[in-house]
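K.L.:
What follows is a single structure, and I will ask about it in a moment.
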Amino acid sequence: MVLVSSNSNKWVKYVKKLSRRRFRDREGKFVLEGVRAVEEGLKAGGAVEVVIFSASAGVKARGSQLLENAAKTGIKTLEVNENVMSELSNTETPQGVLAVVRRQEVSLYDLLGLSPSLLVVVDSIQDPGNLGTIIRASAGAGACGIILMPGTVDLYNPKTLRSLMGNIFQIPIVNAAERFEVLAQLEKAGLKFVIGEPRASKAVFEVNLTVPVAIVIGSEAHGVQSDIMARPGYRVNIPMSQGVESLNVAVAAGILLYEVIRQRHN
C-alpha cells in the first residue's frame, strides 16, 4: 500500500470538502472519526466507502483489527502520514482513523410503520454536543426513533458525530423537512406529546407514560415551539431543589426518557 503524504490526493481533498454542510448534503455522505465510531460504521454494513488511517491507528490492537475487518469486507483503505491525518482530523488528539460513510436515510413513514411506543422529537436544538447526548440517551433508553425538526443543528456536524461516539447507527433518525406533516402524523398514530415545562402543574412521575408517547425536546434558548404546545399531551415539570432554575436540555431529556422506562419496567 502506498503511503499518502500529500493533500492533493483525491480522497484527502474529498474528506476536507465533507467538512462543509452543503457538500455533505449534496453528496449524501459524512465523515466518522475515531476507532469506536468507525467500528460501529463497519458493523452497520454497506455504509462505509473508505477507511483512512495513519500509522498511529495500525500499531494498536483495536485499530489493527478494525483495518483487518475493513479489508475482509472489501472496503477501500488508504494510509496517510501523520501530518495529513492531523489536517483531516477534527480533534486535538486524533486516533488515526476516519471513514467516509453514506447516509442511511429513514423516512417518517418508515418509523411510524414500526408502531413506535416511544419517540423523541428534537425541536430546534442548536448545540451539537446537546444533540449528540440526546441521541445517545434515546438509544440507551430503547426509544424507537428520533425525529429532528427543521431548524435543528446538523446531525452530521463533526461535533455532533464526535459526541455520538458511533451511536448514530443504534437508533433510527428522521431528518424532517416539514413541521406540520410530522405533528399531524404523530397525532394520527396515537402518540401523546410529552413536553417538559418548568411551570407545569404536574411532575413527570405523576402522569401515565406507559401509553405511546413522543417526548419533545425544545431549543436551549426558546423551548418548544407553539405549534407543538398546541397539540394534545402532557405538560410536565422535573422537580428540582429550591434555587435551581433549570437543567441542561440534554440532562432534562435523559430524565424524561428514563421516567418512561421506570414506569414501563414497573
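The values are calculated or read from the model by the stated rules, or taken from the named source; none is laboratory data. Computed from a predicted structure; not experimentally measured. Virtual Cβ from ideal backbone geometry, glycine too; neighbours counted across all protein chains shown.
K.L.:
For L112, are the conditions met, namely being aliphatic (A, V, I, L, M), surrounded by fewer than 21 Cβ atoms within 10 Å (Cβ to Cβ) and under 21 Å from the mean Cα position of the chain (by Cα)?
P.N.:
Details: aliphatic (A, V, I, L, M): yes; surrounded by fewer than 21 Cβ atoms within 10 Å (Cβ to Cβ): yes; under 21 Å from the mean Cα position of the chain (by Cα): yes.
Judged against the criteria, L112 is a match.
K.L.:
Would you check which residues across the stretch 89-131 are charged (D, E, K, R) and in a strand (DSSP E or B) and list them?
P.N.:
Filtering the stretch 89-131 down to residues charged (D, E, K, R) leaves 92, 102-103, 105, 110, 123, 127.
Listed by number, the residues that qualify are R102, D123.
K.L.:
Moving on. Of all the helices (runs of 4 or more DSSP H) wholly in the stretch 11-63, which have at least 2 residues that are of a type in the set (D, E, K, R)? Walk me through it before giving the result.
P.N.:
Values: elements: 21-27, 35-44, 55-58.
Here the list reads 21-27, 35-44.
K.L.:
Restricting to the stretch 219-250, and then to whatever is part of a helix (DSSP H, G or I) and without any contact (Cβ under 8 Å) to a residue 60 or more places away in the chain, can you tell me which residue is nearest to E178 (Cα to Cα)? If you could, list the steps in order and put the result at the bottom.
P.N.:
Pass one, the stretch 219-250, residues part of a helix (DSSP H, G or I): 226-229, 249-250.
Filter once more, so that each one left must be without any contact (Cβ under 8 Å) to a residue 60 or more places away in the chain: 226-227, 229.
Details: S226: 15, D227: 12, M229: 17 Å.
Result: D227.
K.L.:
Being over 20 Å from L111 (Cβ atoms), modelled with pLDDT of 95 or more and either outside any loop (DSSP other than H, G, I, E, B) or under 24 Å from the mean Cα position of the chain (by Cα) (or both) is the requirement here; does V216 meet it? Steps first, answer last, please.
P.N.:
Working: over 20 Å from L111 (Cβ atoms): no; modelled with pLDDT of 95 or more: yes; either outside any loop (DSSP other than H, G, I, E, B) or under 24 Å from the mean Cα position of the chain (by Cα) (or both): yes.
So V216 fails the test.
K.L.:
Can you tell me which residues in the stretch 69-101 are within 19 Å of the chain's Cα centre (by Cα) and surrounded by 15 or more Cβ atoms within 10 Å (Cβ to Cβ)? Give the steps one after another, and end with the answer.
P.N.:
Applying the first criterion (within 19 Å of the chain's Cα centre (by Cα)) to the stretch 69-101 yields 90-91, 98-101.
N90, L98, A99, V100, V101, listed by residue number.
K.L.:
Right, something else. Can we say E187 is under 18 Å from L114 (Cβ atoms) and of a type outside the set (A, V, I, L, M)? Talk me through it step by step, then tell me what you get.
P.N.:
Working: under 18 Å from L114 (Cβ atoms): yes; of a type outside the set (A, V, I, L, M): yes.
Here the answer is yes, as E187 does meet what is asked.
K.L.:
Oh, and also: Search the stretch 154-193 for residues being of a type in the set (F, W, Y) and in a helix (DSSP H, G or I), and hand back the single one that is surrounded by the most Cβ atoms within 10 Å (Cβ to Cβ). Before the answer, list the steps.
P.N.:
Looking only at the stretch 154-193, we keep the residues that are of a type in the set (F, W, Y), and these are 156, 169, 180, 193.
Checking the rest, the ones that are also in a helix (DSSP H, G or I) come to 169, 180.
On the way: F169: 20, F180: 8.
Residue satisfying both the conditions and the ranking: F169.
K.L.:
What's the total number of residues in the stretch 162-213 that are in contact (Cβ under 8 Å) with a residue 60 or more places away in the chain, hydrophobic (A, V, I, L, M, F, W, C) and within 30 Å of A99 (Cα to Cα)?
P.N.:
Within the stretch 162-213, residues that are in contact (Cβ under 8 Å) with a residue 60 or more places away in the chain, hydrophobic (A, V, I, L, M, F, W, C) and within 30 Å of A99 (Cα to Cα) number 7.
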